[in-house]
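Novice: Here's a structure for you.
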Amino acid sequence: MQSRSRFHRLLGLALAAAALQAAASALAQIGNPGLEAPYAPLGAQPAGIEASGEIAHGWSARAGGPAKFSRESSPGAVREGGSAQRIDLLKFTGKQTELTRRFSLTKGESYRITVWLRASDFFNVQLSVREAGPPYKVSWTRKVGLSTEWEAHEFSGVATADDAFLVVAMHAAGTVWIDGVKVAPMSAPPDNAAPPPAQAATAQPRAATAPATNLLPNSSFEAGVGGGWAVLIRASSEFQLATRLEYSAADYSDDARYSAHGKLSLRVPLDRGLIGIVTSPLVPVSARREHTASIRIRADAPAEVRVALHGTDGKEALKAATRTVGPEWQLVSVTAPAPVDGMLRLRISCVAQEPVELWLDAAQLEAGAVATDYVAPFPAELSLTVPRPGGIVFDAESTPVEVRPGAASGVLPTDARLRLEVETLATEPGVTNPRQLLPAMPLPRDRSKFVVTLAADFPRPRGMFKLHGTLIDAADRPLGAPVATTFARLPRPSETPAEDSFFGIHATLRPAAIATARALGNRWLRLHDASWATKWAAVQPEEGEFRFADDGIDAARAEGFAILGMLCGAPPWASAKPRATTGYWAGYNYPDRADGANLWSRYVARTVGHYAGRIDHWEVWNEPWSNGFFRGTPAQYGELLGLAARTARETNPAARILGFNTAAHKGDWTREALAATPPEAFDIFSFHDYNASFYGGEDSNAVRLARRFTDIQEAWGEPRPLWDTEGGPGHVASWHALPGASGKGLSPRAQLAHIVRFDVTQMSAGVRRSFYYTLHHPPPSGESAYQALEHDGGIRPVMAARAVLASLVDGARWLERIEPAPGLEAHVFERRNGSRVSVIWSTDGGDPVWYAPPPGGEMFDVLGNRVATLPVPVSSTPVYLITEPRP
């Protein structure tokens with residue numbers, strides 16, 4: 001009787017929850033979500049605003065500048081149905097242009113809203129939910145980056161009122177199309193939540209009291225690290241130790257000696273001073289509902305581990321638990337409510353105080369406040385890897401794909417097969433990423449690791465590709481979670497001498513990172529926080545004792561790199577009042593002891609002398625204008641720069657000194673520092689430029705920056721050459737990002753256009769060298785980041801586009817900027833063999849401009865594929881024209 005009463009109580013609660021969810025769903029329906037006909041004339045607009053056109057039924061608009069609103073019904077231009085709302089903002093005047101729809105919500109309920117959008121170019125719009133009554137408070141908002149393709153953009157939040165407006169706001173001139181809106185309460189698991197446990201995946205009936213659903217795929221590590229899991233081993237706070245170990249540090253592996261579930265576990269070896277970080281993929285869950293993550297951990301010696309739950313942004317833990325583990329398996333768990341966007345990630349970390357080996361197994365994420373026994377979410381696990389640095393293969397090379405199947409529960413069925421699909425990142429305007437499905441293939445009889453080889457020109461001779469894989473049974477039912485990896489096929493890097501090369505980058509001094517950086521066409525490495533090899537805190541951790549780590553430096557030199565070393569960062573002992581004695585900032589003290597100048601000179605002399613002939617270019621301090629890096633005044637920086645230059649040249653007459661490391665908004669600081677700098681103190685003027693805007697035009701941002709820094713120098717003395725020693729777009733999105741979780745940063749397609757225009761306009765402005773930031777320390781799966789790497793070490797699209805550009809113009813001479821047709825801009829380079837490369841893009845931000853090349857000219861897309869169909873549609877994404885030398 002008691003069990004029956006409990007059953008009826010649970011049933012009543014479930015029905016009540018379903019009723020509440022249904023009520024919330026009913027209230028949240030938006031009328032005319034597909035923006036279908038009929039369309040009505042645009043209503044009254046603010047005084048002085050020239051706007052016209054028509055609006056979808058039930059929707060309204062407010063123009064902030066000259067604009068036209070219209071019904072889009074052209075074939076191919078509509079996502080679904082018969083109409084889409086089109087907005088042409090002709091000029092941005094400082095006020096946003098809005099498309100709005102009033103709808104009802106339930107105050108206090110969380111919602112996920114999906115809006116389908118595309119644009120005439122790459123730019124941002126703001127999506128918001130705003131209360132419908134005074135003071136018209138914004139309940140939640142998100143800035144999203146649009147491309148020329150239809151994309152679903154999700155944003156989530158908590159309703160602060162029952163009556164609200166959905167707002168799509170434009171802050172830049174251009175054209176936007178809207179076609180499809182969905183509002184869903186987040187009190188229930190999302191549509192793409194993890195599937196039921198393994199029993200359901202094998203079509204067996206579930207028990208009457210089924211175990212909790214594990215939301216983490218590939219969590220038993222039976223196929224190694226795959227499916228969005230990532231392991232990072234890097235420096236912690238003991239920079240000198242970590243720098244000495246960075247080239248030869250042991251890597252993670254699977255291990256059959258110990259397991260808490262199945263046959264394998266994940267082994268993470270750590271030397272003293274290193275931190276190991278293991279992250280799961282980001283998974284969709286029920287918003288605002290408590291979830292518990294758990295994992296079993298053991299170590300060969302006592303070690304403190306931290307297990308945490310993170311949301312989409314990945315920075316601060318929602319909740320964390322710290323435990324000391326030892327030789328016995330220990331279950332460590334943490335519970336936290338999911339954020340309103342309904343995304344969670346598990347993160348496990350350990351800072352090694354002494355050398356230690358960790359083993360991890362049986363990770364689980366489940367709804368509720370208690371960790372239950374581990375359940376594999378699928379009977380099978382899978383990992384895919386392209387075993388090349390950066391996932392890069394070169395022209396005419398086939399692509400090897402390592403496939404690792406594993407049984408998470410029991411054994412894999414005898415009829416298990418592998419299904420692969422290759423997605424190509426499209427470069428053409430108005431084209432959706434094409435996908436090609438390969439025939440399903442049987443697994444080896446022993447179910448061991450095997451290699452699938454993709455043909456050298458498949459699916460295109462060059463490009464960025466994503467390989468999707470799933471294990472299926474004979475009935476095509478999934479046996480495991482889908483997984484993906486990316487790879488690139490690129491031209492081989494040019495052999496341009498380093499002294500003539502424009503292309504530099506930040507990368508760690510580990511073998512794979514060095515090989516990746518070189519495969520991308522770079523000839524220069526800058527040692528900043530990717531490697532502390534030459535920084536004061538690393539080479540002289542204690543007064544009177546110098547220790548140098550040469551393995552990584554020598555390996556980079558052997559790969560053909562020139563190196564820009566850093567003279568930077570006093571250790572705590574060199575400061576009378578150190579800002580920090582441990583952690584990252586302990587490496588950025590100011591040498592303010594009474595004998596600080598002598599200590600600085602001794603460090604410079606020993607370091608420059610030790611690396612003479614291997615490193616002959618030295619930059620003095622990173623971003624000294626920032627109080628975060630330098631605690632002295634501009635005048636004190638000028639004095640340090642002068643002292644470093646004099647000491648370095650006395651030690652190595654071939655030394656070349658870079659100074660200032662300034663930025664566009666630091667003109668006053670730069671002038672003050674220059675005033676205190678001896679005329680002979682530097683050979684090269686360095687600056688940093690981070691900007692996600694698309695450079696171009698006769699007076700591009702690159703040209704304006706170069707002119708500003710040259711003018712500042714002319715007021716002081718003879719201008720020195722300009723190097724951009726750190727920069728790029730900043731955050732770039734991952735190709736693995738889940739909808740609604742991509743965060744800030746350029747989309748994969750926008751990355752292709754941005755970096756080519758960024759580098760080309762810098763070259764045209766006379767900037768001699770540019771160092772992209774950065775390749776070091778891959779971020780967790782799907783996370784937007786400065787790092788141009790995916791979680792598994794594969795490159796992001798920005799690097800592929802830059803590699804193609806380097807193969808075509810590195811070492812070439814920039815000739816001129818021309819306008820080969822109305823609405824087009826071209827930068828012309830002359831190569832050593834006399835041939836010319838023109839980098840061409842559209843400047844009007846609207847529809848593509850059709851361009852017919854001159855006789856004998858060959859056209860290539862932004863990733864280096866020959867374009868055979870002429871004329872060529874040219875958008876904001878560059879294309880290349882190559883013409884041979886005239887006889």
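Novice: Looking only at segment 647-677, which residues are open to solvent by 40 Å² or more (accessible area, probe 1.4 Å), more than 33 Å from the chain's Cα centre (by Cα) and in contact (Cβ under 8 Å) with a residue 24 or more places away in the chain?
Specialist: Glu650, Thr651, Ala654, Arg656, Arg671, Glu672, Ala675 - these are the residues of segment 647-677 that are open to solvent by 40 Å² or more (accessible area, probe 1.4 Å), more than 33 Å from the chain's Cα centre (by Cα) and in contact (Cβ under 8 Å) with a residue 24 or more places away in the chain.
Novice: Given the structure, is Ile505 free of Cβ contacts under 8 Å to residues at least 60 places away in the same chain, within 16 Å of Tyr772 (Cβ to Cβ) and in contact with a helix residue (DSSP H, G or I) (Cβ under 8 Å, 6 or more places away or on another chain)? Lay out the reasoning, then the answer.
Specialist: Details: free of Cβ contacts under 8 Å to residues at least 60 places away in the same chain: no; within 16 Å of Tyr772 (Cβ to Cβ): yes; in contact with a helix residue (DSSP H, G or I) (Cβ under 8 Å, 6 or more places away or on another chain): yes.
No: the conditions fail for Ile505.
Novice: Test Leu166 against the stated conditions and say whether it is over 27 Å from the mean Cα position of the chain (by Cα), modelled with pLDDT of 95 or more and in a strand (DSSP E or B).
Specialist: On the way: over 27 Å from the mean Cα position of the chain (by Cα): yes; modelled with pLDDT of 95 or more: yes; in a strand (DSSP E or B): yes.
Taking the combined requirement at face value, the residue satisfies it.
Novice: Across segment 612-646, which residue is surrounded by the fewest Cβ atoms within 10 Å (Cβ to Cβ) among those that are in a helix (DSSP H, G or I) and touching a Pro at 6+ places or on another chain (Cβ under 6 Å)?
Specialist: Pass one, segment 612-646, residues in a helix (DSSP H, G or I): 634-646.
Those still in the list that are touching a Pro at 6+ places or on another chain (Cβ under 6 Å) too: 637, 642.
On the way: Tyr637: 26, Gly642: 20.
Looking at the filtered set, the residue picked out is Gly642.
Novice: Out of Glu131, Glu149, which single residue is touching a residue at least 24 places away in the same chain (Cβ under 8 Å), surrounded by fewer than 21 Cβ atoms within 10 Å (Cβ to Cβ), among the acidic types (Asp, Glu) and over 25 Å from Ala287 (Cβ atoms)? Don't jump to the end; show me each part of the working.
Specialist: Details: Glu131 fails: over 25 Å from Ala287 (Cβ atoms).
Only one candidate qualifies: Glu149.
Novice: Got a sec? Which of Leu365, Leu382, Leu360 is hydrophobic (A, V, I, L, M, F, W, C), under 26 Å from the mean Cα position of the chain (by Cα), over 17 Å from Phe487 (Cβ atoms) and not in a loop (DSSP other than H, G, I, E, B)? Talk me through it step by step, then tell me what you get.
Specialist: Numbers: Leu382 fails: over 17 Å from Phe487 (Cβ atoms); Leu360 fails: under 26 Å from the mean Cα position of the chain (by Cα).
Result: Leu365 is the single residue among Leu365, Leu382, Leu360 that is hydrophobic (A, V, I, L, M, F, W, C), under 26 Å from the mean Cα position of the chain (by Cα), over 17 Å from Phe487 (Cβ atoms) and not in a loop (DSSP other than H, G, I, E, B).
Novice: Taking the residues in segment 301-342 that are among the hydrophobic types (A, V, I, L, M, F, W, C), under 28 Å from Glu154 (Cα atoms) and assigned to a loop (DSSP other than H, G, I, E, B) as candidates, determine which candidate is least open to solvent (accessible area, probe 1.4 Å).
Specialist: To start, the set of residues in segment 301-342 that are among the hydrophobic types (A, V, I, L, M, F, W, C) comprises 301, 303, 305, 307-309, 317-318, 320-321, 325, 329, 331-332, 334, 336, 338, 340.
Now drop any that are not under 28 Å from Glu154 (Cα atoms), which leaves 308-309, 317-318, 320, 334, 336, 338, 340.
Add one more test, that the residue is assigned to a loop (DSSP other than H, G, I, E, B), and what stays is 338, 340.
Working: Ala338: 6, Val340: 48 Å².
Filtering segment 301-342 for residues that are among the hydrophobic types (A, V, I, L, M, F, W, C), under 28 Å from Glu154 (Cα atoms) and assigned to a loop (DSSP other than H, G, I, E, B), the one least open to solvent (accessible area, probe 1.4 Å) comes out as Ala338.
Novice: Hey, another quick one. Just the residues that are modelled with pLDDT of 90 or more and of a type in the set (Ser, Thr, Tyr), please, taken from segment 702-746.
Specialist: Thr710, Thr725, Ser734, listed by residue number.
Novice: Say we look at segment 152-161 and pick out the residues that are among the aliphatic types (A, V, I, L, M) and either open to solvent by 20 Å² or more (accessible area, probe 1.4 Å) or without any contact (Cβ under 8 Å) to a residue 40 or more places away in the chain (or both); which of these is farthest from Tyr111 (Cα to Cα)? Walk me through how you get there before you give the answer.
Specialist: Looking only at segment 152-161, we keep the residues that are among the aliphatic types (A, V, I, L, M), and these are 152, 158-159, 161.
After this cut, where a residue has to be either open to solvent by 20 Å² or more (accessible area, probe 1.4 Å) or without any contact (Cβ under 8 Å) to a residue 40 or more places away in the chain (or both) as well, the list is 152, 158, 161.
Details: Ala152: 16, Val158: 6, Ala161: 12 Å.
Top of the filtered list is Ala152.
Novice: Now, a different point. Taking the condition of a type in the set (Ser, Thr, Tyr), surrounded by 19 or more Cβ atoms within 10 Å (Cβ to Cβ) and touching a Gly at 6+ places or on another chain (Cβ under 7 Å), does Ser700 pass?
Specialist: On the way: of a type in the set (Ser, Thr, Tyr): yes; surrounded by 19 or more Cβ atoms within 10 Å (Cβ to Cβ): yes; touching a Gly at 6+ places or on another chain (Cβ under 7 Å): no.
Here the answer is no, as Ser700 does not meet what is asked.
Novice: Take the residues in segment 134-146 that are in contact with a Ser or Thr (Cβ under 9 Å, 6 or more places away or on another chain) and within 17 Å of Arg101 (Cα to Cα), then tell me which one is most open to solvent (accessible area, probe 1.4 Å). Show your work before the answer.
Specialist: Residues of segment 134-146 that are in contact with a Ser or Thr (Cβ under 9 Å, 6 or more places away or on another chain), as a first pass: 137-142, 144-146.
From what is left, the residues that are within 17 Å of Arg101 (Cα to Cα) are 137-142.
Working: Lys137: 107, Val138: 71, Ser139: 28, Trp140: 17, Thr141: 71, Arg142: 43 Å².
Per the stated criteria, the residue is Lys137.
Novice: Ala801: aliphatic (A, V, I, L, M), out of contact with any Lys or Arg (no Cβ under 9 Å at 6 or more places or on another chain) and either under 26 Å from Ser120 (Cα atoms) or without any contact (Cβ under 8 Å) to a residue 40 or more places away in the chain (or both), yes or no? If you could, list the steps in order and put the result at the bottom.
Specialist: Values: aliphatic (A, V, I, L, M): yes; out of contact with any Lys or Arg (no Cβ under 9 Å at 6 or more places or on another chain): yes; either under 26 Å from Ser120 (Cα atoms) or without any contact (Cβ under 8 Å) to a residue 40 or more places away in the chain (or both): yes.
Criteria met by Ala801.
Novice: Which residue is surrounded by the fewest Cβ atoms within 10 Å (Cβ to Cβ), if the candidates are limited to segment 234-291 and must be part of a strand (DSSP E or B) and basic (Lys, Arg)? Break it down into steps so the answer makes sense when it comes.
Specialist: So the first thing to find is which residues in segment 234-291 are part of a strand (DSSP E or B), and the list is 234-235, 253-255, 265-270, 274-279, 283-284, 290-291.
Applying the additional criterion that residues be basic (Lys, Arg) yields 234, 267.
On the way: Arg234: 17, Arg267: 20.
Among those residues, the one meeting the criterion is Arg234.
Novice: Could you list, ordered by first residue, the pairs with Cβ atoms under 9 Å in which the first is in segment 80-94 and under 19 Å from Tyr39 (Cα atoms) and open to solvent by less than 30 Å² (accessible area, probe 1.4 Å) and the second is of a type in the set (Asp, Glu) and in a strand (DSSP E or B), at least 6 apart or interchain?
Specialist: These pairs meet every condition: Ser83/Glu72; Ser83/Asp179; Ala84/Glu72; Ala84/Asp179; Gln85/Glu72; Gln85/Asp179.
Novice: Scan (1) surrounded by 19 or more Cβ atoms within 10 Å (Cβ to Cβ); (2) without any contact (Cβ under 8 Å) to a residue 60 or more places away in the chain for the single condition Asp683 breaks and write down its number.
Specialist: (1)
Novice: Residues Arg102, Arg112: which one is more than 26 Å from Ala77 (Cβ to Cβ) and crowded, with 21+ Cβ neighbours inside 10 Å?
Specialist: Working: Arg102 fails: crowded, with 21+ Cβ neighbours inside 10 Å.
Of the residues listed, the single one that is more than 26 Å from Ala77 (Cβ to Cβ) and crowded, with 21+ Cβ neighbours inside 10 Å is Arg112.
Novice: Filter segment 350-369 down to residues that are charged (D, E, K, R) and within 18 Å of Pro327 (Cα to Cα) and give me whichever is least open to solvent (accessible area, probe 1.4 Å).
Specialist: Residue satisfying both the conditions and the ranking: Asp361.
Novice: Still on this model: For the condition in contact (Cβ under 8 Å) with a residue 24 or more places away in the chain and more than 23 Å from Thr725 (Cα to Cα), what is the one hit in Asp616, Asp592, Asp554?
Specialist: Values: Asp616 fails: more than 23 Å from Thr725 (Cα to Cα); Asp554 fails: more than 23 Å from Thr725 (Cα to Cα).
The match here is Asp592.
Novice: Can you tell me which residue within segment 519-532, out of those that are open to solvent by 10 Å² or more (accessible area, probe 1.4 Å) and more than 16 Å from Arg769 (Cα to Cα), is farthest from the chain's Cα centre (by Cα)?
Specialist: Trp532
Novice: Shifting gears a bit: The conditions are (1) open to solvent by 10 Å² or more (accessible area, probe 1.4 Å); (2) of a type outside the set (A, V, I, L, M); (3) out of contact with any Lys or Arg (no Cβ under 9 Å at 6 or more places or on another chain), and Phe548 fails exactly one of them. Which is it?
Specialist: Result: Phe548 fails condition (3) only.
Novice: Give the residues of segment 557-582 that are assigned to a loop (DSSP other than H, G, I, E, B), touching a strand residue (DSSP E or B) at 6+ places or on another chain (Cβ under 6 Å) and within 18 Å of Tyr247 (Cα to Cα), sorted by residue number. Steps first, please.
Specialist: Within segment 557-582, the first condition is being assigned to a loop (DSSP other than H, G, I, E, B), and the residues that meet it are 559-561, 568-569, 571, 575-582.
Filter once more, keeping what is touching a strand residue (DSSP E or B) at 6+ places or on another chain (Cβ under 6 Å): 561, 575, 578-579.
Within segment 557-582, just Phe561 meets the criteria.
Novice: Return only the number of the condition from (1) among the aliphatic types (A, V, I, L, M); (2) without any contact (Cβ under 8 Å) to a residue 60 or more places away in the chain; (3) not in a loop (DSSP other than H, G, I, E, B) that Leu752 does not satisfy.
Specialist: Checking Leu752 against (1) among the aliphatic types (A, V, I, L, M); (2) without any contact (Cβ under 8 Å) to a residue 60 or more places away in the chain; (3) not in a loop (DSSP other than H, G, I, E, B), the one that fails is (2).
Novice: Can I ask one more? Identify all residues within segment 583-606 that are closer than 17 Å to Ser531 by Cα and surrounded by fewer than 20 Cβ atoms within 10 Å (Cβ to Cβ); write none if there are none.
Specialist: Our first condition is that a residue be closer than 17 Å to Ser531 by Cα; within segment 583-606, this holds for 583-588.
If the condition is that a residue be closer than 17 Å to Ser531 by Cα and surrounded by fewer than 20 Cβ atoms within 10 Å (Cβ to Cβ), then Gly583, Tyr584, Trp585 are the ones that fit.
The values are calculated or read from the model by the stated rules, or taken from the named source; none is laboratory data. None of these values were measured; they are calculated from a predicted model. For neighbour counting, all protein chains shown are included, and Cβ atoms are generated from backbone atoms with ideal geometry for every residue, glycine included. Surface areas here come from the heavy atoms of the whole protein model, side chains and all, with no ligands, DNA or RNA. Shrake-Rupley method; radii C 1.70, N 1.55, O 1.52, S 1.80 Å.
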